[in-house]
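Encoded as structure tokens, the structure appears first; notes follow it.
The values are calculated or read from the model by the stated rules, or taken from the named source; none is laboratory data. Here the structure is a predicted model, which is why all the values come from computation and not from measurement. All Cβ positions, glycine included, derive from the backbone under ideal geometry; neighbour counts span all protein chains shown.
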Amino acid sequence: MLENDKINWCDWTADGGALEYDLSYLHPELGVLLQEYQINSTTYEGKLIYQSDFYLFGTDNAMPGDFRHLPRETKDQLWEVIFAIKRKFLKK
């Protein structure tokens, strides 16, 4: 689902980080998705528990936008991208 040429930049390690992904191919109003990760805590077994946040930016916007009005199909594709990025981060 993720295409490497749509990753604008990626800076993450086991400690966390962020990835920016170009969403303009999904809908004309969408610009990029910024997904961030950080360590929230650890389990009793010493496994890391991550927190992730994502922000959607419209085309040429510096502030995250509200895209609830987008068609269901576009939102479904958007969720696929978000979870594909999560899987990519957790595999690394």
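Those residues that are farther than 11 Å from Leu78 by Cβ and either surrounded by 17 or more Cβ atoms within 10 Å (Cβ to Cβ) or not aromatic (Phe, Trp, Tyr) (or both), I need them from region 17-31; list them, please. Result: Gly17, Ala18, Leu19, Glu20, Asp22, Ser24, Pro28, Glu29, Gly31.
Of the candidates Ala62, Ala84, the single residue that is closer than 17 Å to Lys6 by Cβ, surrounded by fewer than 16 Cβ atoms within 10 Å (Cβ to Cβ), of a type in the set (Gly, Ala, Ser) and at pLDDT below 95 is Ala84. Exactly one residue out of Asp66, Asp11, Asp5 is on the phi < 0 side of the Ramachandran plot, out of contact with any Cys (no Cβ under 7 Å at 6 or more places or on another chain), free of Cβ contacts under 8 Å to residues at least 12 places away in the same chain and assigned to a helix (DSSP H, G or I), and it is Asp5.
Based on this model, can you work out whether Tyr37 counts as buried (at least 18 other Cβ atoms within 10 Å of the Cβ) and not β-branched (Val, Ile, Thr)? It is true that Tyr37 is buried (at least 18 other Cβ atoms within 10 Å of the Cβ) and not β-branched (Val, Ile, Thr).
Considering Leu26, Leu19, Leu33, Leu56, the condition of being closer than 17 Å to Leu70 by Cα, in a strand (DSSP E or B), touching a residue at least 40 places away in the same chain (Cβ under 8 Å) and not polar (S, T, N, Q) is satisfied by Leu33 alone. Only one of the numbered conditions (1) closer than 21 Å to Arg87 by Cβ; (2) touching a Ser or Thr at 6+ places or on another chain (Cβ under 7 Å); (3) surrounded by 13 or more Cβ atoms within 10 Å (Cβ to Cβ) is violated by Ile7, and that is (2).
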